[in-house]
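Colleague: Below: one structure in structure tokens.
The values are calculated or read from the model by the stated rules, or taken from the named source; none is laboratory data. Bear in mind the structure is a predicted one, so any value in this text is a computation, not a measurement. We place every Cβ from the backbone using ideal geometry, glycine too, and count neighbours over all the protein chains shown.
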Amino acid sequence: MTPDQALSDLKRRGLLRSLRALPDNRGKLEIGGETWLNFSSNDYLDLAHHPALADAATAAVRQLGCSSGGSRLTSGHLTVHAALESALADFTGMETALVFGSGFLTNLGVIPALAGNRAQVFCDRLNHASLIDGALMSGGKWHRYRHNDTAHLETLLSRHPAQEGETRIVVTDSIFSMDGDAAPLAEIFAIARRAGALLVVDESHAIGVLGPAGAGLCAELGMTPDVLTCGMGKAFGSYGGFAACSHALAALIVNRARSFIYSTGLPPACIAASHAALGLFIEHRGALGEGLMDRARHMHALLAAADFAMPPAVASPILPVMVGDNHAALAFADRLAEKRILCGAIRPPTVPPGTARLRLTVTRAHSAADLAAAADAFAAVGRDLGVLQ
Ligand SMILES: Cc1ncc(COP(=O)(O)O)c(C=O)c1O
């Protein structure tokens, strides 16, 4: 198939993606003199423009420059990296933490590093792409259990016992990025322990938002996974990723994770902004996340009242508005844009076939009036397109 044929095939199936440059990335932004509401951003706590982050990043650039200048194992490991890692370890209640270039690179590095030469990886079917790619890159056998189906996980673990010298790893998101629901972490933790498997939990959509002082769902449950991973481009309002774990596993990761070893260390500005965000989580003792979750519950109620088939519970600020068909989801997003609302149409392979949706994220930039206006717009478009009867 030529590139042109491949592109027209994607278009025919409603799967073509393209870039659109925005002048700004706030939850509420100005485009050509008009105010738009942005419901596609993961800047949940509206920290990306917070003066504390901007000041910290600016000072870091002035003092340390724009790049770390090398891999962490050569000259790119600065005292600011070490300080952030120590603060992240304290915050998550883990022994230590390692900062990576992004959340994707964290998962891509950590899973193969734990896997070593021989492993079996057990993944939730709806795990984020970076966890799936990490499992694939590990070169081990991998098994996918039905979404949040702990009985299925247990069956797969008993069907595929560890062979001599083999590591088994259970991998799950704590909050699933496209559905916004939570994993049954306490059960998964118990199952992994019983099976003698390592447990990796991705807390990218939970840290800063959920748990004590925003320390995530594992902290809320008082459980310590073997490795907790997180991207810092979401509630942190910054960029980068980290893995928190024991000293022994961190040493293994530093020695084996290719995305850590063969990649330039995160620039000082990102480190400083992330550290400032962490300071705000701690200073507000979870109140930022609690306020956000109140708004998410309010938006969920508005959409349910408009007759959208919403998930029964609100576990996070991610609210999926299900459409089903790929073309219909694109049309929905286009019609929302006519009403000056940005909300991404999420289609396969990001979500399973037949479950295209609008992924609506509430952030602290949205007022009650913004939420009401958006819910009205969703209802009007839903009725016009026949998503609502
Ligand atoms: C659950 C999850 N893990 C990891 C990532 C990747 O993080 P990053 O954007 O920092 O690469 C994302 C989203 O982007 C995510 O949703």
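Colleague: Out of (1) at pLDDT 95 or above; (2) on the phi > 0 side of the Ramachandran plot, what's the single condition that is false for GLY165?
Modeller: (1)
Colleague: Another question, if that's okay. Kindly list the number of the only condition in (1) in contact with a strand residue (DSSP E or B) (Cβ under 7 Å, 6 or more places away or on another chain); (2) not in a loop (DSSP other than H, G, I, E, B) that fails for ALA331.
Modeller: In the conditions (1) in contact with a strand residue (DSSP E or B) (Cβ under 7 Å, 6 or more places away or on another chain); (2) not in a loop (DSSP other than H, G, I, E, B), ALA331 misses (1) alone.
Colleague: For the stretch 372-389, indicate whether the set of residues that are in the same structural domain as LEU29 (by TED's automatic domain parsing), under 17 Å from ARG12 (Cα atoms) and outside any loop (DSSP other than H, G, I, E, B) is non-empty.
Modeller: Scanning the stretch 372-389, I find no residue that is in the same structural domain as LEU29 (by TED's automatic domain parsing), under 17 Å from ARG12 (Cα atoms) and outside any loop (DSSP other than H, G, I, E, B), so the answer is no.
Colleague: Turning to a different aspect of this structure: Is it the case that some residue within the stretch 6-22 is within 16 Å of the ligand (Cβ to nearest atom), buried (at least 17 other Cβ atoms within 10 Å of the Cβ), not in a helix (DSSP H, G or I) and not assigned by TED's automatic domain parsing to the domain that holds LEU358?
Modeller: no
Colleague: Right, something else. Looking only at residues in the stretch 215-248 that are among the β-branched types (Val, Ile, Thr) and surrounded by 24 or more Cβ atoms within 10 Å (Cβ to Cβ), which one is nearest to the chain's Cα centre (by Cα)? Walk me through how you get there before you give the answer.
Modeller: Applying the first criterion (among the β-branched types (Val, Ile, Thr)) to the stretch 215-248 yields 224, 227, 229.
Next, only the ones that are surrounded by 24 or more Cβ atoms within 10 Å (Cβ to Cβ) stay: 227, 229.
Values: VAL227: 16, THR229: 10 Å.
Within the stretch 215-248, the match that is nearest to the chain's Cα centre (by Cα) is THR229.
Colleague: Moving on. I want to confirm something. Restricting to the stretch 254-274 and keeping residues that are away from the ligand (no atom under 16 Å from the Cβ) and buried (at least 24 other Cβ atoms within 10 Å of the Cβ), which single residue is farthest from the chain's Cα centre (by Cα)?
Modeller: PRO268
Colleague: So which of SER75, SER102 ends up being outside the structural domain of PRO349 (by TED's automatic domain parsing), surrounded by fewer than 13 Cβ atoms within 10 Å (Cβ to Cβ) and hydroxyl-bearing (Ser, Thr, Tyr)?
Modeller: SER75
Colleague: Name the helices (runs of 4 or more DSSP H) wholly within the stretch 109-198 that hold at least 2 residues that are within 16 Å of the ligand (Cβ to nearest atom)? Please lay out each step first, then the result.
Modeller: On the way: elements: 129-137, 150-159, 185-195.
Qualifying helices (runs of 4 or more DSSP H): 129-137, 185-195.
Colleague: Which pairs have Cβ atoms under 8 Å, sit 6 or more apart or on different chains, and link a residue in the stretch 146-166 that is in the same structural domain as GLU187 (by TED's automatic domain parsing) to one that is of a type in the set (Asp, Glu) and in a helix (DSSP H, G or I)?
Modeller: Cβ pairs passing all conditions: THR150/GLU187.
Colleague: Let me ask you something else. Return yes or no: is THR96 of a type in the set (Val, Ile, Thr) and within 12 Å of the ligand (Cβ to nearest atom)?
Modeller: Against the criterion (of a type in the set (Val, Ile, Thr) and within 12 Å of the ligand (Cβ to nearest atom)), THR96 does not qualify.
Colleague: Out of the stretch 353-371, which residues are assigned to a loop (DSSP other than H, G, I, E, B), touching a residue at least 24 places away in the same chain (Cβ under 8 Å) and not charged (D, E, K, R)?
Modeller: Of everything in the stretch 353-371, those that are assigned to a loop (DSSP other than H, G, I, E, B), touching a residue at least 24 places away in the same chain (Cβ under 8 Å) and not charged (D, E, K, R) turn out to be GLY354, THR355, VAL362, THR363, ALA365, HIS366.
Colleague: Determine which member of the set LEU29, LEU84 is in contact (Cβ under 8 Å) with a residue 40 or more places away in the chain and surrounded by 17 or more Cβ atoms within 10 Å (Cβ to Cβ).
Modeller: Going through LEU29, LEU84 in turn, just one is in contact (Cβ under 8 Å) with a residue 40 or more places away in the chain and surrounded by 17 or more Cβ atoms within 10 Å (Cβ to Cβ): LEU84.
Colleague: If ALA368 satisfies all but one of (1) surrounded by 18 or more Cβ atoms within 10 Å (Cβ to Cβ); (2) among the aliphatic types (A, V, I, L, M); (3) at pLDDT 95 or above, what's the number of the condition it fails?
Modeller: (1)
Colleague: Moving on to the next point. Six or more apart or on different chains, Cβ under 8 Å: which pairs go from a residue in the stretch 209-223 that's more than 13 Å from ALA182 (Cβ to Cβ) to one that's part of a loop (DSSP other than H, G, I, E, B) and aliphatic (A, V, I, L, M)? Could you list them?
Modeller: Listed by first residue and then by second, the contacts come to GLY214/ILE207; GLY214/ALA235; ALA215/ILE207.
Colleague: Starting from the stretch 94-113, keep only residues that are touching a residue at least 24 places away in the same chain (Cβ under 8 Å), then list their pairs with residues that are among the basic types (Lys, Arg) and within 12 Å of the ligand (Cβ to nearest atom) whose Cβ atoms are within a distance under 9 Å, requiring at least 6 positions of separation or different chains.
Modeller: Correct list of pairs: GLY103/LYS234.
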